[in-house]
Amino acid sequence: MPDFNYHLGKIQILSLFLSPEINRVNSDNLVLNYGINVDNRVSEQILEGKEFINSHVSITISYEKENLVIFEVSNIFNIEGLKNAVTTDDTGKHLIPIDILDKVALVSISVTRGLLFSNLRGTKLHNAILPLVELNQEPEPL
């Protein structure tokens, strides 16, 4: 797959849930669990020239099975030539090349991590270190 030009056209915070339990946790030696989910969707009007991917990222931070933070962000990427790279299967579903999905996912996760860090300012989780994400690999336990 050749290189493609893309830019992040829009970032939208969809939701931010901060549990009141955040203020009750002891931040010393705190072991947190992170859940990161990325859902990439191509524009339904791709053949009409609307060449964008909406990358929805959801990050959950939990402690002892209780969700302390749920954060969802939509990252919309404009991608030149996307309609030439996308194929369609027998059911009409658009198939996006994995290298495009991986680049979009990595940028989306990085942007969302930064926004989450900023939104946790003033809470006991402000200095929580969000792990780096390796795509398509199982995370290793700490």
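The values are calculated or read from the model by the stated rules, or taken from the named source; none is laboratory data. Treat the numbers as computed from the prediction; the structure is a model and nothing was measured. Every residue, glycine among them, receives a Cβ derived from its backbone with ideal geometry; neighbour counts consider all protein chains shown.
Details
- When we screen 74, 15, 55, 19 for residues that are surrounded by 13 or more Cβ atoms within 10 Å (Cβ to Cβ) and out of contact with any Leu (no Cβ under 6 Å at 6 or more places or on another chain), the only hit is 55.
- Output for the stretch 75-87, where each listed residue is in contact with a helix residue (DSSP H, G or I) (Cβ under 9 Å, 6 or more places away or on another chain) and assigned to a strand (DSSP E or B): 75, 77, 79
- Candidate set from the stretch 20-53 (those that are among the basic types (Lys, Arg) and closer than 30 Å to residue 81 by Cα); member that is modelled with the highest pLDDT: 41
- Test: residue 63 is more than 22 Å from residue 10 (Cβ to Cβ), out of contact with any His (no Cβ under 9 Å at 6 or more places or on another chain), at pLDDT 80 or above and surrounded by fewer than 16 Cβ atoms within 10 Å (Cβ to Cβ): no
- Identity of the residue in the stretch 89-106, part of a helix (DSSP H, G or I), surrounded by 13 or more Cβ atoms within 10 Å (Cβ to Cβ) and not small (Gly, Ala, Ser), that ends up farthest from the chain's Cα centre (by Cα): 99
- Residue 37 being touching a Ser or Thr at 6+ places or on another chain (Cβ under 9 Å), surrounded by fewer than 17 Cβ atoms within 10 Å (Cβ to Cβ) and either free of Cβ contacts under 8 Å to residues at least 40 places away in the same chain or within 14 Å of residue 8 (Cα to Cα) (or both): yes
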